[in-house]
Amino acid sequence: MTHKQKTIITIAFLGSLVLAFILGRLSTISKPQGNSEIKIITSQDLKQEKQSGENYQPDIQIRASSQGTKYYFPWCKSTFNEENTIYFSSVSEAIEKGYEQASGCLLEPTN
């Protein structure tokens, strides 16, 4: 077998390894199931709740740690464990329970 043939076989073998790796990675990508709908709550919605005094309840769940004092919107990162997570149906409810907005968690999601 010549040097050129060995090189071609080696390149073909490495190419098949890379292809197998890529296909394996692609097979693990999960696809959204069902009709998932994302509702964006704007700062105007939250200002309306604050100004009106009514318990305006958007279709989001405010998250907080049962061991902390800050609440987070769904689009904000948080570092607490899922087992310690509690949910509120509105900002008013979170405030009533003694929680305050996390300083790094903006009212509107950023892209």
Of (1) surrounded by 10 or more Cβ atoms within 10 Å (Cβ to Cβ); (2) at pLDDT below 75; (3) polar (S, T, N, Q), residue 36 satisfies every one except (1)
Only one of 46, 19 is at pLDDT below 85, of a type in the set (A, V, I, L, M), outside any loop (DSSP other than H, G, I, E, B) and surrounded by 10 or more Cβ atoms within 10 Å (Cβ to Cβ); which?
46
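Tally time: how many residues in the range 80-94 are free of Cβ contacts under 8 Å to residues at least 24 places away in the same chain and closer than 13 Å to residue 69 by Cα? Steps first, answer last, please.
Kept after step one, since they are free of Cβ contacts under 8 Å to residues at least 24 places away in the same chain, are these residues of the range 80-94: 80-86.
In the following step, the residues that additionally are closer than 13 Å to residue 69 by Cα were identified as 80, 84-86.
The total comes to 4.
Looking only at residues that are β-branched (Val, Ile, Thr) and loosely packed, with under 15 Cβ neighbours inside 10 Å in the range 65-111, which one is farthest from the chain's Cα centre (by Cα)?
Going through the range 65-111, the residues β-branched (Val, Ile, Thr) turn out to be 69, 79, 85-86, 91, 95, 110.
Subsequent filtering for residues that are loosely packed, with under 15 Cβ neighbours inside 10 Å retains 69, 79, 85, 110.
Working: 69: 21, 79: 12, 85: 15, 110: 12 Å.
Going through the qualifying residues, I end up with 69.
The values are calculated or read from the model by the stated rules, or taken from the named source; none is laboratory data. Keep in mind that what you see is a predicted model, and the values were worked out from it rather than measured. Ideal geometry is used to build each Cβ from the backbone, glycine not excepted, and the neighbour counts take in all protein chains shown.
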